[in-house]
Amino acid sequence: MLKKLIKYDLKYGAKIFIVIHALLWIAAIFGRVFFLDRIDFDAPTEQLVSVLVLFFSAFVLLFSVVSLATALLIAARFYKNLFTDEGYLTWTLPASPVQQLWAKILSGCIWNILDLILLYSATYFMWISPNVQNAYRMIAAEFTASLGMPLSKFFLLMVLLSIIGVGSNVLMLYASISIGQLFPAHRLLLSVIVYFIFYMIIYALSMGALIIFKLLPGIALSANTVNEAASMSTYLTGTFLISLVLSAVMAVIQYVITHLILTRKLNLI
Amino acid sequence: MNENVILECQSLTKKYGNFYALSNLDLTLEKGQIVGLLGPNGSGKTTLIKLINGLLTPTAGQVMIRQMAPSPATKKIVSYLPERSYINPHMKVQEMLTYFAAFYDDFSLETATGMLRDLEIDPSMRLRALSKGTKEKVQLILVMSRDAQLYILDEPIGGVDPAARDYILRMILKNYNEDATLLISTHLITDIENILDRVLFIQNGQLALNASVDEIRTDRGKSVDSLFREVFKC
């Protein structure tokens, strides 16, 4: 049953997902072929910086839009399939609420992981442009020193962190939507508000933990006399560990909330 | 434990804020009947149907289908047609048939295909391209192509033309197994009166009448429609 549910969940929205990520990859190919492969890194610094800032801003925006679209796709599937008219069919299938929830969690995680793979591989594809590699070799040592770790290690850390956060991201969306359903008059508005409340809680807890463990770069620097690179490295590793723990704790809480609402408070209007 | 009982509601109550959509409703239905669930708008018909299907959580009381609370086991034996369109408009009719066949073991692809052919509905059409009435027919075909023990049809003929209504009623009678129970909620009493064995009148969330159609006709000398008009006179 779970397999069938996941299959139909993934089928829904597959076209949108493919189109969005195809556009992202087309942009990445164009970006590499027409910009990164051709840019003159020996050009005057001022000119180079302004062009690079423009290029990276455009790609950060594009990546954010793609990530947001994927999150919206996951949220829309959950909301429409469980809480709108479609729910009349979903909830009369011979599947338990727990199976329905796990199907949504697993399909959401699959979408999210695919999204991350495509985003990071697009980044890597642009990064391995020979022109960029040649330019980076000139500043690699300096960059590694300021990060406190090689860029490749930093990249892997980011990939790992994002993938570990997938379950928590998906559950945060589902818990927010489920709580929103408890207020039939303003279901979507409440869902959005709850999502931001969760976000603020996680942010506050992360900052609190960073301060308590003296992991914020500024605090570490003023409190100790360690060098900046070591501090950045400690900060990144610390952030990684804190995020890991917070993600796990929040995911469990959000799972329990969603589970309770779907099993005990389901009311299709 | 009566083996003939398909549906049992005990003190079933559903409250929205201070409003009782259903209040202490007790009901027992036996298998092998066609039952009309009748009542004015807002009387609690759809609330009762949703509670039977596990789409609402009761405030108090309980619903049992063959001695089981709404669960995957009851959903295997209940075929439900809601009063709204519940199919994804982006899907094709054929995809919906495959979907039903994938999830319901008692779904007959052959029966569904035959009915689509009779009603001249093209299975390759997307649901969003169909008229409201045709969508309703597709949903009804999906629901009636199951070999269920309890069929619950909420306003099955409300949106279709009178000619199609006759076909649909014939289709319902043809496809339902005589051991099964059919619970039909509708406003169009005259259209379905002839096929009903029993009627339930529901008013202000409570059962106002539970009687066989023969009793109404013989004992009260009235048709279901005229009794309905009398009981629910505005």
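The values are calculated or read from the model by the stated rules, or taken from the named source; none is laboratory data. Source: prediction; values computed, not measured. Note that we place each Cβ from the backbone using ideal geometry, even for glycine, and neighbour counts take in every protein chain shown. SASA here: full protein model, heavy atoms, side chains in, ligands and nucleic acids out. Shrake-Rupley method; radii C 1.70, N 1.55, O 1.52, S 1.80 Å.
Numbers at a glance
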item: The one condition in (1) part of a helix (DSSP H, G or I); (2) touching a helix residue (DSSP H, G or I) at 6+ places or on another chain (Cβ under 8 Å); (3) within 14 Å of chain B (Cβ to nearest Cβ); (4) over 15 Å from A:GLY13 (Cβ atoms) that A:LEU89 fails to fulfil; result: (2)
item: Test: residue in the stretch B:136-153 that is more than 26 Å from B:THR74 (Cβ to Cβ), open to solvent by less than 10 Å² (accessible area, probe 1.4 Å) and at pLDDT below 90; result: no
item: Only listed residue being in a helix (DSSP H, G or I), on the phi < 0 side of the Ramachandran plot, touching a residue at least 24 places away in the same chain (Cβ under 8 Å) and not polar (S, T, N, Q), chosen from A:ILE26, A:ILE39, A:ILE6; result: A:ILE6
item: Given (1) in a loop (DSSP other than H, G, I, E, B); (2) modelled with pLDDT under 90; (3) open to solvent by less than 50 Å² (accessible area, probe 1.4 Å); (4) more than 14 Å from every other protein chain (Cβ to nearest Cβ), number of the condition B:GLY133 does not satisfy; result: (1)
item: Residue among A:ILE139, A:ILE177 that is of a type in the set (A, V, I, L, M) and either open to solvent by 20 Å² or more (accessible area, probe 1.4 Å) or touching a Leu at 6+ places or on another chain (Cβ under 6 Å) (or both); result: A:ILE139
item: The stretch A:42-54, residues that are open to solvent by 50 Å² or more (accessible area, probe 1.4 Å) and in a loop (DSSP other than H, G, I, E, B); result: A:ASP42, A:PRO44
item: Unique match (being within 14 Å of chain A (Cβ to nearest Cβ) and in contact (Cβ under 8 Å) with a residue 24 or more places away in the chain) among B:ASP105, B:ASP161, B:ASP122; result: B:ASP105
item: The stretch A:73-85 - residue that is surrounded by fewer than 21 Cβ atoms within 10 Å (Cβ to Cβ) and under 15 Å from B:ARG84 (Cβ atoms) and, of those, nearest to the other protein chains (Cβ to nearest Cβ); result: A:ASP85
item: Members of the stretch A:92-139 that are within 14 Å of chain B (Cβ to nearest Cβ), in contact with a Ser or Thr (Cβ under 9 Å, 6 or more places away or on another chain) and part of a helix (DSSP H, G or I); result: A:PRO97, A:VAL98, A:GLN100, A:LEU101
